[in-house]
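Taken together, the values in this text are just the output of simple stated rules run on the coordinates, not laboratory data. The structure displayed is predicted, hence computed values, not measured ones. Here Cβ is always computed from backbone atoms with ideal geometry, including for glycine, and neighbour counts include all displayed protein chains.
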């Protein structure tokens with residue numbers, strides 16, 4: 001975990017800001033990260049483990065009791081020496097009441113992190129998603145200043161957030177409800193040589209544990225339709241952003257073409273989905289969520305043909321077809337808003 005991140009965090013239980021959080025580094029070293037340690041809330045006495053660079057910043061109902069026990073056993077001496085044993089016991093075992101939706105998504109993405117059917121790396125590497133990601137993320141990348149702090153909510157293995165790092169001095173903070181995904185993102189950052197500018201943690205997008213005005217920009221890439229209350233998360237993101245910051249989002253669109261896509265997915269599934277209570281997002285829904293907030297909502301759509309067709313063409317063919325069909329369909333009145341994916345930009349205004 002990046003040491004510089006502490007000033008932007010908040011306790012997920014009592015919402016105490018960074019001034020109420022103490023960092024304990026069990027294996028001090030001169031690099032910008034805490035490899036192993038704990039974050040202690042001085043207000044409610046909760047203790048949050050940092051293991052192999054991954055911080056678990058979860059409220060009681062989402063804590064993984066077996067994981068906490070393994071952490072306690074591994075670092076028993078360091079915990080005792082720093083007088084944190086009582087605080088460790090003060091954090092109760094997880095209770096699932098009220099968190100069933102988040103736990104369902106955790107199970108799904110823990111499975112997706114590595115399985116014999118299709119892991120997440122294979123999923124995002126299909127010709128369709130490679131073409132779509134390049135088209136959408138290249139636009140957003142040009143909108144983000146070189147030294148910005150980016151927040152990636154529901155980061156998975158860093159699929160969206162990592163696109164902002166090359167040839168820049170940006171800092172990426174990502175979190176996911178799945179620890180296995182946060183671990184994959186951390187390993188990826190190390191392998192790609194950008195670890196000194198990245199930090200990944202386990203947290204709940206329904207209640208992001210960060211202070212106000214903590215980030216320059218934020219991204220939810222195919223995440224909102226997994227959440228128990230996407231409107232609440234969007235409003236929370238506006239709290240986390242500095243004035244002028246943009247929340248970038250890509251989602252499944254409520255489109256007239258959706259029945260065709262759903263039929264094809266039933267006949268020939270090309271990925272496994274575990275949607276939440278709002279599997280489809282529309283421009284109207286986003287505007288309703290932002291009503292009363294100083295926020296400007298801009299939307300467009302993309303993908304006017306089934307993903308199955310793009311996958312038949314390979315990466316180069318999929319990229320050309322996506323560019324051509326978007327160029328045509330986005331100029332047709334009544335059709336422009338019917339793409340299979342909705343591209344959302346929500347700017348925090350003064």
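When you count, for each residue, the other Cβ atoms within 10 Å and take the mean per peptide, how do 245-253, 280-288 rank with the highest first? The partial results should precede the final answer.
Details: 245-253: 24.1, 280-288: 16.6.
The packing order, highest mean first, is 245-253, 280-288.
Taking the DSSP beta bridges with both ends in the chain, the antiparallel portion is around 55 percent. For the pair the stretch 148-186 / the stretch 285-320, the C-alpha centres are spaced 20 Å from each other. Projecting label points 7 angstrom from Cα along Cα→Cβ for residue 142 and residue 232 puts them 3.8 nm apart. Relative to the dominant Cα principal axis of the chain, helix 230-240 is inclined by about 60°. Here residue 296 and residue 267 are evaluated by their C-beta separation; at R0 = 45 Å the FRET efficiency comes out at 0.65.
The label point for residue 42 and the one for residue 257, both projected 7 Å from the Cα toward the Cβ, are 5.6 nm apart. First check a/c for the stretch 18-58, with a ≥ b ≥ c the square roots of the eigenvalues of its C-alpha gyration tensor; if it is under 1.5, answer rounded, and if not, answer prolate when a/b is larger than b/c or oblate otherwise. Since a/c reaches 1.5 and a/b is larger than b/c, the shape of the stretch 18-58 is classed as prolate.
Residues within the reach of a label modelled at residue 187 (point 7 angstrom out along Cα to beta-carbon, backbone nitrogen below 11 Å), restricted to the stretch 30-58: there are none. Axis angle, to the nearest 10 degrees, between helix 314-329 and the longest C-alpha principal axis of the chain: 60 degrees. Each of 19, 220 was scored by other Cβ atoms within 10 Å of its Cβ. Listed from fewest to most, they are 19, 220. Set against the labelled values [x] 20.5, 64; [y] 21.6, 67; [z] 20.5, 68, Rg and Dmax of the Cα atoms in Å computed from this structure falls on [z].
Rounded to the nearest 10 degrees, the inclination of helix 258-267 to the longest alpha-carbon principal axis of the chain is 80 degrees.
Of all the C-alpha pairs in the stretch 1-113, what % are more than 18 Å from each other? Beyond 18 Å sits 51 percent of the P(r) for the stretch 1-113.
Computed from label points 7 Å out along Cα-Cβ, the spacing between residue 65 and residue 330 is 5.1 nm.
Please give the contour-minus-distance gain from residue 35 to residue 22: 0.36 nm per residue of separation, less the Cα-Cα distance, rounded to one decimal in nm.
Details: separation 13, 0.36 × 13 = 4.68 nm, distance 1.56 nm.
Additional length available on full extension: 3.1 nm.
Applying 0.36 nm per residue to the separation of residue 308 and residue 288 and subtracting their alpha-carbon distance, the gain on full extension is 4.0 nm. Highest mean first, the peptides 208-218, 173-183 sorted by other C-beta atoms within 10 Å per residue fall in the order 173-183, 208-218.
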